[in-house]
Every structure is written in structure tokens, then in C-alpha cells.
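Working notes, structure below.
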Amino acid sequence: MPKIRLRFAPSPTGYLHIGGLRTALFNYLIAKNLGGKLILRIEDTDQKREVKGAVKSLIDILNWSGIKFDEGPEIGGDFGPYLQSQRKNIYSKHIQQLINKGKVYYCFCAPERLDKMRQEQQIKKLPPRYDRTCRDLSDKIIKQNLKDKKSFVIRQKMPLAGEVIVNDELRGQIKFKAENLDDQVLIKSNGMPTYQFANVVDDYLMKISHVVRGEEWIPSLPKNILLYKDFGWTAPKYIHLPLMLNKGGGKLSKRQGDVAVEDFRSAGYLPESLINFCGLLGWRFSSAEKKIEENEIFSLAELVKIFIIKDISVSPAIFDNDKLDYINGYYIRQKSLDGLLKLIKPYLKNNINLAKGKINISDEYIKKIIRLEQKRIKKLSEIGELTEFFFTNAIDYSKDLLIWKKMPFGQIKINLEKIIIILENITDKNWNNNFIKNAIISYIEVANQPLGEYLWPMRAALTGRKASPDPFDVAAVLGKNISIKRIKEAIDKI
Ligand code: GLU
């Protein structure tokens with residue numbers, strides 16, 4: 001049995017698409033479930049598309065995700081280099097083998113001629129295809145052109161007739177008509193390989209056993225397989241992951257919202273949430289129907305145990321933001337307060353600046369605030385806006401906010417004054433949610449008055465918000481002095 005080796009082979013575009021993370025994850029899960037290795041290979045031969053710093057940021061975001069590679073550019077391994085741009089010699093050596101075998105040919109066509117040909121094909125509504133002018137050049141002409149240093153590319157000779165039959169582990173046999181296959185370029189005029197060539201050579205040399213990639217690569221499959229045949233190599237298994245669509249059934253695009261994993265990270269999605277969410281995009285555990293229906297929560301380690309190829313679906317996976325929020329909320333609730341403090345602090349930067357010199361912001365204070373919001377937030381970035389009133393002395397709201405139902409301002413004033421008296425009587429030692437709550441509620445009950453007529457104005461006075469945690473929680477965190485001060489300010493507004 002050949003060893004199990006899978007690879008994630010991204011091209012560095014400047015950000016990692018969420019679909020790329022799903023591909024990396026499925027590669028990881030299959031590799032680990034089968035006891036194999038996962039390799040990171042950077043496909044950076046398209047220098048026109050190169051973005052500065054892209055490789056570093058790609059590795060950085062993959063590290064953040066928690067997906068661990070066994071070999072790769074920063075880790076090393078026996079099959080490197082793992083950056084295609086450093087493997088030029090390897091490709092040159094291998095293309096020479098195909099030249100010798102007559103499987104490929106030099107094409108000296110000038111770009112202007114090819115452009116013109118494409119335009120004509122477009123007008124005639126024909127698919128863009130090389131017209132094979134150079135396919136049968138004589139050795140003499142080729143030699144002369146090379147001697148004259150004429151610019152050239154190297155193209156693969158596609159079969160002229162018949163069918164190319166390939167296999168996908170999920171879909172079975174797929175047939176492609178030879179007439180639809182272009183004599184694709186394998187080596188560009190600058191000597192660099194194309195994706196098509198480098199990808200196959202590297203998969204072979206890196207002893208890849210399973211190629212797991214998005215469905216959009218199916219059209220490449222016959223070309224890949226023909227290259228393996230030309231070399232006389234055995235091809236790996238191919239698994240194409242289902243498309244990812246938005247809820248409306250369209251393609252996920254950068255314009256329609258975030259698709260970059262980096263954007264999800266900055267919005268405050270946790271890596272374990274994105275992993276859990278991506279794991280469900282096109283995969284369903286055949287014997288865990290119940291668990292999936294219940295909560296759809298799977299850790300990376302759990303996924304490794306149960307992830308098998310045959311449970312991957314071929315129908316499109318729908319990207320459901322609400323589900324992602326639900327999963328992220330779940331993982332936020334699982335965090336310890338100290339853990340959350342570390343993660344949340346960067347999102348509180350503005351609030352902390354706001355408080356400088358006015359409110360004493362200790363980690364203990366922030367933890368109390370986080371404890372109040374941990375149950376409700378869906379992503380970490382929500383915390384700043386939600387908790388601003390804990391970090392400022394100047395809460396700004398209109399006095400109408402103090403009105404519960406239609407109660408008159410006169411009554412609001414009386415009720416708030418009563419609350420101040422109750423609060424003033426609570427000692428610092430007893431200043432906690434339960435004590436404050438008992439003191440206020442028992443007063444209102446004895447007075448036999450509507451709860452809302454006290455609690456709403458009190459909460460509005462403390463927060464300046466329509467929605468917030470309950471007034472006892474807020475008062476407990478704000479402390480006695482600030483709480484009383486805010487209620488007095490509310491009275492002054494009236
Ligand atoms: N470099 C290709 C990409 O960017 C890899 C495709 C494949 O996995 O074969 O997705």
C-alpha cells in the first residue's frame with residue numbers, strides 16, 4: 001500500500017479564501033483519519049499574480065486555523081523545496097523527458113497571432129483553443145528557431161480524437177471528449193511552468209496519494225491524467241469537493257461580504273468555529289445524523305476520528321452565516337474568562353482609550369464585563385460597541401429613553417430617587433448583583449408597584465441604552481459610586 005500523503009497547494013493571492021480553508025481542512029482530515037501526512041506546497045509560479053508578503057500571510061493564517069502540516073516551506077521535509085518558484089530546475093528536467101518522448105512540442109507563435117486567433121474564435125463563438133500551427137514543425141525548423149533565440153512556449157499534445165476517461169473518488173468515471181481539450185501550455189515563454197505542469201510533477205515527486213481540491217478543478221483532471229500517462233506514472237486518487245454557494249445559490253464573492261479567512265479572524269470568529277463550520281460544508285457523518293441535527297458541534301480532533309471520504313457530498317454546500325454565528329457563539333461560551341480576556345482585549349482598544357484617566361480599567365473589571373456578554377455575543381468584535389457605557393463617564397442619551405411604557409417624568413424621578421436611597425444603604429462589601437437585586441425587588445414588591453417602572457429607568461440611567469444586561473448586573477460591575485452618579489445625572493436630565 002502506498003503511504004498516505006495529501007497536500008494543500010494554494011496559490012498565494014494575498015488572502016486565504018474560506019473555500020481554501022475548507023480544502024485545507026478536508027485534506028487534513030482525510031490525511032489524519034488515514035494515519036497519513038499533510039504537506040503544504042505553495043504554487044507561486046505565476047509571477048504576474050504574485051502579491052508581496054502573500055506567502056507569509058498565508059502560512060500565518062493557516063497556523064492560526066489550527067491545521068497542522070507535516071511538511072512545508074517553514075517546516076521542511078524530504079520532498080522540498082515546497083515553494084514551486086524554487087523548483088524551476090526540476091520542471092526543466094522533467095519537460096525535457098517529455099520533449100524526448102515526443103509528448104510535447106515547441107510553439108513559436110507570437111502573442112499577437114494568438115490574440116488575433118482568439119478574437120476570431122470569439123466572433124465565431126468557438127471555444128478559445130490553440131490552432132496547433134506548431135504541433136508538427138520539422139526538427140530543422142525547431143532547431144533553427146531555437147538557434148535564432150525565438151521566444152517559445154511548450155505545449156502538451158492532446159489526443160486528436162476519442163475520449164479521455166478519468167475517475168473521481170466521489171463521482172466515479174467522468175468522460176471528456178478529446179476534441180474539447182486544448183494543447184495546453186506547460187512551460188511559459190519565461191521558462192516557468194504553468195500550474196498544469198508543476199502541479200502534476202510535484203504531486204508525483206512528493207508522492208501524493210490523494211489530491212483533494214475544489215470542484216472547479218474538474219476540467220483540469222483529464223489534462224492531469226494525460227500528463228501522468230505521458231510520463232508513464234501512476235496517478236493519485238482525485239477527490240473534488242463540492243462547490244460552496246451563498247444562501248441565494250450564487251457564488252461566494254468578495255463583494256458580497258467576507259470570504260477571506262483573515263476577515264473572519266478580524267471580525268472575531270474563533271479558529272475552532274471556522275474549522276467546525278468548514279467541516280460541515282459538504283460533509284455529513286453518515287452515522288452521526290442525530291448529533292448533527294442536535295448541535296452540529298465538532299472539534300478538530302473529533303472530526304479527524306470520524307471523517308471518511310465517502311461521507312463527502314457532491315451537491316453544493318450552502319454557506320450559512322447564521323450557522324457560523326451560532327457555532328462561534330457556542331465556542332465563545334466554552335472559553336474561560338481568562339482565555340476570553342486575552343482574545344477580547346484587542347477588540348476593546350477604543351473603549352480602553354476612552355476610559356483613560358476617567359475609569360479605572362483593571363483586568364478584573366474587564367472580566368466582569370466580559371462575563372455579562374459572554375452568553376450573548378456571536379463574534380468578538382461585537383463587544384466594543386455593546387460595552388462602551390462601561391468605559392466612559394459621558395453616556396449620552398435622550399431623557400425619553402427613561403420612560404417605561406407611558407409613565408410620566410414626575411414618577412420616573414420619584415422612582416429613581418428611591419433607588420438611590422436603596423443603593424446608598426448597601427455597603428461596599430455587599431455590592432453584588434444578588435444583594436442589589438434583592439434590596440430593590442423586595443422594596444418594589446412591598447410597595448406593590450410595577451417592576452418595569454423602576455427597573456427600566458434604572459437600567460436606562462446606568463447604560464444610556466435600549467438594550468443591555470439587566471440593571472443589577474450593570475450596577476454590580478460599575479460599582480456603587482458610578483451607579484449612583486449616573487442615576488443622579490438621569491434625574492438631572494428630567
Ligand atoms: N494552486 C491551485 C489552487 O490555487 C491548486 C489546485 C489543486 O489543488 O490542484 O487552488
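What are the residues whose amide H is under 5 Å from the amide H of Ile174, where those residues sit 5 or more places off or on another chain and H is modelled from the backbone?
Here Val166, Asn167, Asp168 satisfy the definition.
Mind listing which trypsin sites (Lys or Arg not before Pro) in the stretch 453-487 are in a DSSP loop and have 10 or fewer other Cβ atoms within 10 Å?
Working: sites: Arg459, Arg465, Lys466, Lys480, Lys485, Arg486; in loops: Arg465, Lys466.
Here the trypsin sites (Lys or Arg not before Pro) that fit, given the DSSP loop and packing criteria, are Lys466.
Using 7 Å Cα-to-Cβ label points, what is the Trp217/Ser189 separation (nm, one decimal)?
Spacing of the two 7 Å Cα→Cβ label points: 2.9 nm.
In whole Å and largest first, what semi-axes does the C-alpha gyration tensor of the stretch 395-494 yield when each eigenvalue is scaled by 5 and square-rooted? Please report the intermediate quantities before stating the final value.
On the way: eigenvalues 73, 49, 27 Å².
Three semi-axes, in Å: 19, 16, 12.
So if we plug the beta-carbon distance of Lys349 and Trp64 into 1/(1 + (r/R0)^6) with R0 = 25 Å, what FRET efficiency do we get, rounded to 0.05? Write down the numbers at each step before the final one.
Details: r = 19 Å, r/R0 = 0.78.
For Lys349 and Trp64, the calculated efficiency is 0.80.
Rounded to the nearest 0.05, what FRET efficiency do Gln449 and Tyr397 have when you use their Cβ-Cβ distance and R0 = 25 Å? Mind dumping the intermediate values first?
Working: r = 24 Å, r/R0 = 0.95.
Rounded to the nearest 0.05, the efficiency is 0.55.
In whole percent, what relative contact order does the stretch 392-494 give with Cα contacts below 8 Å and a gap of six or more residues?
For the stretch 392-494, the relative contact order is 41 percent.
Counting every Cα pair in the stretch 450-494, what percent are over 13 Å apart?
Numbers: 490 of 990 pairs.
Summing the P(r) of the stretch 450-494 above 13 Å gives 49 percent of all pairs.
For Trp283, enumerate residues with amide H under 5 Å from its amide H, sequence gap 5+ or separate chain, H modeled in the peptide plane.
Amide H neighbours of Trp283, under 5 Å, 5+ apart: Ser313.
Return one whole number: the accessible area per residue of the stretch 277-432 in Å², for a 1.4 Å probe. Could you put the intermediate results ahead of the total?
On the way: 8400 Å² over 156 residues.
The answer is 54 Å² per residue.
Based on Cβ point charges of +1 for Lys and Arg and -1 for Asp and Glu, what charge dipole magnitude is obtained for the chain about its Cα centre, in debye rounded to the nearest 20? Mind showing how you got there, number by number?
Details: 81 positive and 58 negative charges, 232 e Å.
That gives the chain a dipole magnitude of about 1120 debye.
How large, in Å, is the stretch 180-220 by the Kirkwood hydrodynamic radius built from its alpha-carbon pairs? Let's see the in-between values first.
Numbers: mean 1/r = 0.0854 Å⁻¹.
Radius from the Kirkwood sum: 11.7 Å.
Go through 437-448, 186-197 and give me the packing order, highest mean Cβ count within 10 Å leading.
Working: 437-448: 13.4, 186-197: 18.8.
Ranked from most to least packed, the peptides come out as 186-197, 437-448.
What are the residues whose amide H is under 5 Å from the amide H of Lys237, where those residues sit 5 or more places off or on another chain and H is modelled from the backbone?
His210, Val211
Viscosity 1.306 mPa s, temperature 10 °C: Stokes-Einstein D of the chain from its Kirkwood Cα radius, in µm² per second?
Details: Rh = 27.4 Å.
Value of D from the Cα-based Kirkwood radius: 58 µm²/s.
Using only the alpha-carbon atoms, how far is helix 221-231 inclined from the longest principal axis of the chain? Give it as 0 to 90 degrees, nearest 10.
The helix 221-231 is inclined about 40 degrees to the chain.
For the stretch 454-494, with only Lys/Arg (+1) and Asp/Glu (-1) charged at the beta-carbon, what is the dipole magnitude about the Cα centre, in debye rounded to 20? Can you show the working numbers first?
Working: 8 positive and 4 negative charges, 21 e Å.
Rounded to the nearest 20 debye, it is 100 debye.
Angle, helix 433-447 long axis vs. longest principal axis of the chain, Cα atoms, 0 to 90°, nearest 10?
The two axes meet at around 50 degrees.
Distances longer than 23 Å among the Cα atoms of the stretch 1-132: what percent of all pairs is that?
Values: 4536 of 8646 pairs.
That tail contains 52 percent of the Cα-Cα pairs.
Tell me, which cysteines of the chain are without a disulfide-compatible partner by the Cβ under 4.7 Å rule?
Those would be Cys109, Cys278, since no other cysteine Cβ in the chain comes under 4.7 Å of theirs.
Towards the positive end of the charge dipole of the chain, with charges on Cβ (+1 Lys, Arg; -1 Asp, Glu), say which of Gln173, Cys107, Gly339 has the farthest Cα.
Value: Cys107.
So what J values fall out for the stretch 272-279 if you push phi through Karplus, 6.51 cos²θ - 1.76 cosθ + 1.60 with θ = phi - 60°, rounded to Hz, Gly and Pro as x?
Working through the residues one at a time gives 5, 6, 5, 5, 4, 4, 5, x Hz.
On C-alpha positions alone, give me the angle between the axis of helix 18-33 and the longest principal axis of the chain, in degrees, nearest 10.
On a 0 to 90 degree scale, this one is about 80.
Of all accessible surface on the stretch 302-391 at a 1.4 Å probe, what whole percent is carbon and sulfur?
Working: 2440 of 4710 Å².
Using a 1.4 Å probe with all protein chains present, the stretch 302-391 comes out at 52 percent carbon and sulfur.
The values are calculated or read from the model by the stated rules, or taken from the named source; none is laboratory data. On a predicted model such as this, the values are computed, not experimentally measured, just so you know. Virtual Cβ from ideal backbone geometry, glycine too; neighbours counted across all protein chains shown. Keep in mind that these areas ignore ligands, DNA and RNA; they rest on the heavy atoms of the full protein, side chains included. Shrake-Rupley method; radii C 1.70, N 1.55, O 1.52, S 1.80 Å.
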